[in-house]
Amino acid sequence: WLLDPRPSLPTMVKAVGDGFALSEASNTPVMLMVRIRSCHVTGSFQTRDNQRPPLSVRDALSNPRSDFTRVVLPPMSFAHEQDKVKNRCPAAERYILDHKLNEHFGPRDAPVGIVVQGGMFNGVIRALQQIGLADIYGTSQVPIYVLNVTYPLISSEFLAFCDGKQQVLVVEEGQPEFIETQLGSFLYRAGSSVKLHGKGVLPMAGEYTGQVVLNGITAFLKQAAPDMLPAVVRAPNQDRPQIPDLSKTVPIRPPGFCTGCPERPIFSAMKLVERELGKHQIAADIGCHLFAALPPFEIGGATMGYGLGPAANGAFDGGGEKRPIAIIGDGGFWHNGLTSSFINMAFNKSDGVAIIVDNFYSAATGGQDIMSSRADNATKATKNPISKALNGIGITWVRQIDHTYDVKKMRDTLREALTTDALGPHVIVASSECMLNKQRREKPLRAVAIKEGRRVEAPRFGVDEDICTGDHACIRLSGCPSLSLKKLDDPLRDDPVASIDQSCVGCGNCGEVADAAVLCPSFYRADVVHNPGPWEVRWAAFSARVIGWLQARRSAKRLEFGA
């Protein structure tokens, strides 16, 4: 069964308990769907006391039971299908009805009504509020039947909602219109004259944003119940959306690598190799590294599934002049890649190249530990190198890079993998810690050390404005969010120069890329010292005086023209 609760914290929390209870009542698994918009809801809810389960793991291990009828093999599977129709589904429907899992809002008697998936309720009530048929507290003048349970659908409950109504709108995001079709069959079998609307006034596909829902409900009410609409809605004076289009005024924010991300230099190196050897077939995977498909890298646009990047390239084995490249993360490697991708590469003697992006965590989902994480974990097995796992399944051409910011080494290793005469799988394990996790760990420690008066040294990078030519190749090969453009006051230099803002974390990738690509030498590194020692203070003062004297001497020799 499928629960799609209304985006309200108490409702979503209640749905968790309802899901377990519904599963027990009908002896059927229950799935709880929480939509993206629901995940952004904040607020509070009342908790309940924890309850000890009637069956614990200890009990199950102490008293194991075996039931041959539960095995998923014919003829038992056929009997299960019959049991689902005869017993489980009716039991689920009874539980849903008895415990009122679906909700009704608004008046009971009205010529029209709206049926909505639970997750779409907020969008519907907001649209009605825009029209003037609901208030900010969710009180609606239009009857609303909220499907917190979208499967199974309850025929009797739906027909009772339709009683006395002439037309009903189904707000169902996604396609095909399963719910609308099922509800239509309920009306047909009951011989009802209620007219059902749905995908006719709402789009077949795409996200049901606020404006989309507003347009659909307005169109439905104009046709089905125009008397319910205010005059300004029936005959608007301005032909424009009520919700303004901000796409041209709000800057776009495409996803990308974080500042200092250790994956960025990997793709910078790939772009440098691409200049030498040309484009290659590249299969991507699920993870942060998939952002490389976007500018400025535009690497690996095809994604088959989590851990399936190298497996997708199996279709390109043999027969080509260039080796295919696959990109996969460490999380994808342990999740599915080792079995589905790399064992197949070894077994089929694939001659492709796979790059494993190892950032020590399952970083894209929040930094959870995995098998190859470097941290100590009291309850999980970590510190299992990926390279050893690869050797264990028979892959011998493995190159381990423990500092991905070394763009030259990354470039040379990738070039070697693509041009070597050695046959078989070629795997590069590119390892550096996720910068977000590193900053989360080190920033508090650094702040405490500075507060206690201890000496702390932090690297910062900058661009010499006098040397920078404004070519911006460094930005095209890096894409770091800290790299931006800066206009100069010099009237003889129209082009803006590269600039590094205060979000820089000192990873050094920009300078490494500039060096590896033989770009301009305008990047410099400055180490910022907090709580310097007495000797460092005196040396800094002396250096400042010498530099000031040299600058004044140079200015005195500079040729200047009067106004």
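The values are calculated or read from the model by the stated rules, or taken from the named source; none is laboratory data. No experiment lies behind these values; they were computed from the predicted model shown. Every residue, glycine as well, gets a Cβ built from its backbone with ideal geometry; the counts of neighbours run over all protein chains shown.
Of the residues in region 90-128, how many are among the polar types (S, T, N, Q) and either in a loop (DSSP other than H, G, I, E, B) or in contact with a Cys (Cβ under 8 Å, 6 or more places away or on another chain) (or both)?
1
Residues that are buried (at least 20 other Cβ atoms within 10 Å of the Cβ), assigned to a helix (DSSP H, G or I) and of a type outside the set (A, V, I, L, M) do not occur anywhere in region 130-140. Scanning region 20-69 for residues that are at positive phi and among the polar types (S, T, N, Q) yields one hit, Asn27. Only a single criterion out of (1) within 30 Å of Gly508 (Cα to Cα); (2) assigned to a helix (DSSP H, G or I); (3) within 24 Å of the chain's Cα centre (by Cα) is not satisfied by Glu274, namely (3). Report, by residue number, each residue of region 188-214 that is part of a helix (DSSP H, G or I) and surrounded by fewer than 19 Cβ atoms within 10 Å (Cβ to Cβ). If the condition is that a residue be part of a helix (DSSP H, G or I) and surrounded by fewer than 19 Cβ atoms within 10 Å (Cβ to Cβ), then Tyr188, Arg189, Ala190, Gly210, Gln211, Val212 are the ones that fit.
So Met371 passes all but one of these: (1) touching a Cys at 6+ places or on another chain (Cβ under 7 Å); (2) closer than 14 Å to Val429 by Cβ; (3) hydrophobic (A, V, I, L, M, F, W, C). Which condition number does it fail? Here Met371 clears every test but (1). So, in region 358-388, how many residues would count as being of a type in the set (D, E, K, R) and in contact (Cβ under 8 Å) with a residue 60 or more places away in the chain? Looking only at that region, the number is 1.
Scanning region 457-477 for residues that are part of a loop (DSSP other than H, G, I, E, B) and either at negative phi or modelled with pLDDT of 85 or more (or both) returns Asp464, Glu465, Asp466, Ile467, Cys468, Thr469, Asp471.
Among the residues of region 112-119, not a single one is over 20 Å from Glu180 (Cα atoms) and of a type in the set (Gly, Ala, Ser). Could you run through region 282-321 and say how many residues are touching a residue at least 12 places away in the same chain (Cβ under 8 Å) and either aliphatic (A, V, I, L, M) or touching a helix residue (DSSP H, G or I) at 6+ places or on another chain (Cβ under 7 Å) (or both)? Residues flagged as touching a residue at least 12 places away in the same chain (Cβ under 8 Å) and either aliphatic (A, V, I, L, M) or touching a helix residue (DSSP H, G or I) at 6+ places or on another chain (Cβ under 7 Å) (or both) within region 282-321 amount to 26. Considering each residue of region 509-527 in turn, none proves to be without any contact (Cβ under 8 Å) to a residue 24 or more places away in the chain, among the small types (Gly, Ala, Ser) and farther than 20 Å from Ala458 by Cα.
State yes or no: is Val529 assigned to a strand (DSSP E or B) and aliphatic (A, V, I, L, M)? The answer is yes for Val529.
For the structure I just gave you, tell me whether Glu321 is under 18 Å from Thr419 (Cα atoms) and surrounded by fewer than 22 Cβ atoms within 10 Å (Cβ to Cβ). Here the answer is yes, as Glu321 does meet what is asked. Every test in (1) assigned to a strand (DSSP E or B); (2) farther than 23 Å from Ala514 by Cβ; (3) of a type in the set (A, V, I, L, M, F, W, C) is passed by Leu436 save one, and that test is (1).
Filtered by the rule that a residue be buried (at least 19 other Cβ atoms within 10 Å of the Cβ) and part of a loop (DSSP other than H, G, I, E, B), region 478-518 gives Gly479, Cys480, Ser482, Cys504, Val505, Cys507, Gly508, Ala517.
For region 25-51, give me each residue that is among the basic types (Lys, Arg), under 30 Å from Tyr208 (Cβ atoms) and either in contact with a Gly (Cβ under 7 Å, 6 or more places away or on another chain) or outside any helix (DSSP H, G or I) (or both).
Listed by number, the list holds a single entry, Arg35.
Screening region 52-89 for residues that are among the basic types (Lys, Arg) and outside any loop (DSSP other than H, G, I, E, B) and picking the one that is farthest from Ile125 (Cα to Cα) gives Arg58. For region 185-199, the criterion of a residue being touching a Gly at 6+ places or on another chain (Cβ under 8 Å), touching a residue at least 12 places away in the same chain (Cβ under 8 Å) and of a type outside the set (A, V, I, L, M) is satisfied by no position.
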